[in-house]
Amino acid sequence: MSSSKNVGSGCAEGKAAAGRDGSKPPPLKPSALFVLGVAALALANWSYAADLFLPLQPAGAGVRAVAPAADAAPAGLRSSAVGGVWERRVRISRTELARTRDEVEYSGEGRLRLNVTADVDLDMVVERTAPTAWGYSLSGRIEGRSVGFATLVVHPHAVSASIWTPGASYEVVPLSGGAHAVRDVTEKPPAECAGVAHPERPELGMSDASGAQGAADDVSMVDILMVWTPAVEEVRGGEALTKLFVDGLVTFANDAFERSGVFVSLNLVGAEGVDYEEEDIFMDFDRLIDPADGHMDNVHILRDTLGADLVHLRRRPQVGESASGIAELWGAFSVNVTTHEIGHSMGLVHDRYDSWGLSGYAFGFAGGGRFCEVTIMALSFRCRASGKHPIFVPFFASPWRYSPMGVPLGVSRFGKQRAMVDGPADAVRALNRNRHEVASWRRSRSGTN
């Protein structure tokens, strides 16, 4: 027990430097001073984080001030020609990124202030950092929200980010001259997608003989090769920024796996441009998967050389196309809409409203209560048909995951049998069951381009 002459937890009745009897306390040992200093520093960092997004002063090269569109966005923002309703042009505080990374590595948790607009500050509790192909990532939750997530991918000269909350979602993309754009991408469910079914797999998720669950130390590593067309590199601003883009796509997919309870980690083993000019998405897909048609044939050689289980092509969408993404069902190849299409490659299908007639439980989920929650594999047709407002939630369907409104994001296969459209939907279980097979499609090799 402490002596009455020892310093307590702080100031006692206005006496900060003396014991309860007024005597001078003994000096603290250096080790104690170090511990107190570290604790004070950690407390200071936890209670305060400076803004991550800084004003463009001076403006970056090639970036000029643009007046905000009238009645289209909050003050200080401008309408965006790409993606969201508006965008805000900013610089990124590298000091805050480095401080937060050090904090997470030292104490297991850090904090970033995501000052999206003058009126919107989101406190990100950073729970993990990990190396990526060419940089590192910061991932965590949004404090004060029932559900909210953010992922940042940091490269030496640029940053990309995905920020999701139930009411609003944002992305951060690099521009020229070191500038970045914070863009509104609120409530954009997965775009129209066409999956290519394999008739030899009529049942989806009916057998769990291989074990559907897993453990945190039993994560299946799935190697992926990312390729892109020259048009994508032009839009993204060069090879370096395109690599940041694909690095971010893989990181965002891995975060979706982790938050959903899927024991899969994508490993980016290769990332290269391909000499190909886009046509129709279906034609591009057929040319991608054909190893000897004279179009992108080197992708197959590269896949075998690197031992990639999956291959994903990024292309620039063409005007008037009926689908934004496409993938093989239980196959290696996919195009655009990365996380969604990879789900198809690993054996998942859309929600039951869209995929009528299929059995099993490897479905996305669209439904819920007052609102219409749309998980990663689901489409919004059911929402529109029921007259409900669709809310995209970045989870794979599971009856053990819940929406911000407390609605299960899936249907258990053990529950009461329902009508086909409301039948079992448990994409997480299906992915955990299929992961070992997908991870063994090619023998793993080391290295990333």
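Values in this text are rule-based calculations from the coordinates and carry no lab data. All values derive from a computational prediction rather than experimental measurement. Please note: Cβ atoms are built from the backbone with ideal geometry, for glycine as well, and neighbour counts cover all protein chains shown.
Placing unit charges on C-beta atoms (Lys and Arg positive, Asp and Glu negative, everything else neutral), compute the dipole magnitude of the stretch 276-427 about its Cα centre in debye, rounded to 20. Each step should come with its number before you reach the end.
Values: 14 positive and 19 negative charges, 246 e Å.
Magnitude of the dipole: close to 1180 debye.
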Using a 10 Å cut-off on Cβ atoms, rank the peptides 305-315, 352-362, 233-243, 422-432 from the highest mean neighbour count down. 422-432, 305-315, 352-362, 233-243
Find how much the distance from ASP102 to TYR136 grows on full extension, using 0.36 nm per residue of separation minus their present alpha carbon separation; answer in nm with one decimal. 11.0 nm
Which whole-Hz couplings ³J(HN,Hα) result when phi for each residue of the stretch 248-264 is put into the Karplus expression 6.51 cos²θ - 1.76 cosθ + 1.60, θ = phi - 60°, listed in order with x for Gly and Pro? x, 4, 5, 5, 5, 5, 5, 5, 5, 4, 5, 5, 8, x, 9, 8, 9
The base-10 log of I(q)/I(0) that the Debye equation returns for the stretch 324-449 at q = 0.09, 0.12, 0.14, 0.18 Å⁻¹, one scatterer per C-alpha, is -0.26, -0.45, -0.59, -0.92
Can you run phi through the Karplus equation (6.51, -1.76, 1.60; θ = phi - 60°) for the stretch 431-442 and list ³J(HN,Hα) in whole Hz, with x for Gly and Pro? 4, 5, 6, 8, 4, 5, 5, 4, 5, 10, 5, 9
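Given R₀ = 35 Å, what would the calculated FRET efficiency be for ARG128 paired with SER412, taking r from the Cβ atoms and rounding to 0.05? Walk me through the numbers on the way to the answer.
Details: r = 29 Å, r/R0 = 0.84.
Efficiency for this residue pair is about 0.75.
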Here the net charge surrounding VAL407, from other residues whose Cβ is less than 11 Å away from its Cβ (Lys, Arg +1; Asp, Glu -1), is +1
What spacing in nm lies between the two simple spin-label points modelled at ASP293 and GLU272, each 7 Å away from Cα in the Cβ direction? 2.0
Farthest toward positive dipole pole in the stretch 296-449 [+1 Lys/Arg, -1 Asp/Glu at C-beta], among GLY406, PRO390, HIS300: GLY406
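Which order, highest average first, do 142-149, 251-258 follow once you tally other Cβ atoms within 10 Å for each residue and take the mean per peptide? Before the final figure, lay out the partial values.
Working: 142-149: 16.1, 251-258: 22.8.
My ranking of the peptides, most packed first, is 251-258, 142-149.
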If amide H atoms are modeled at 1.01 Å from N in the peptide plane, then the residues at a separation of 5 or more from VAL374, or on another chain, having amide H under 5 Å from its own are ILE391, PHE392, VAL393
Taking a temperature of 4 °C and a viscosity of 1.567 mPa s, what whole-number D in µm²/s does Stokes-Einstein yield for the stretch 99-194 with Rh from Kirkwood over alpha carbon pairs? 91
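Would you kindly state how much longer the chain becomes between SER322 and SER359 on full extension, computed as 0.36 nm times their sequence separation minus their alpha carbon distance, in nm to one decimal? Kindly include the intermediate steps, with their values, before the conclusion.
Values: separation 37, 0.36 × 37 = 13.32 nm, distance 2.61 nm.
Using 0.36 nm per residue and subtracting the Cα-Cα distance, I get 10.7 nm.
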Quick one: 3J(HN,Hα) in Hz for the stretch 87-100, Karplus 6.51/-1.76/1.60 with θ = phi - 60°, rounded, Gly and Pro as x. 9, 10, 8, 9, 9, 9, 7, 5, 4, 5, 4, 5, 4, 5
Using only Cα atoms, what is the ratio of the radius of gyration of the stretch 106-149 to 2.2 N^0.38 Å? 1.27
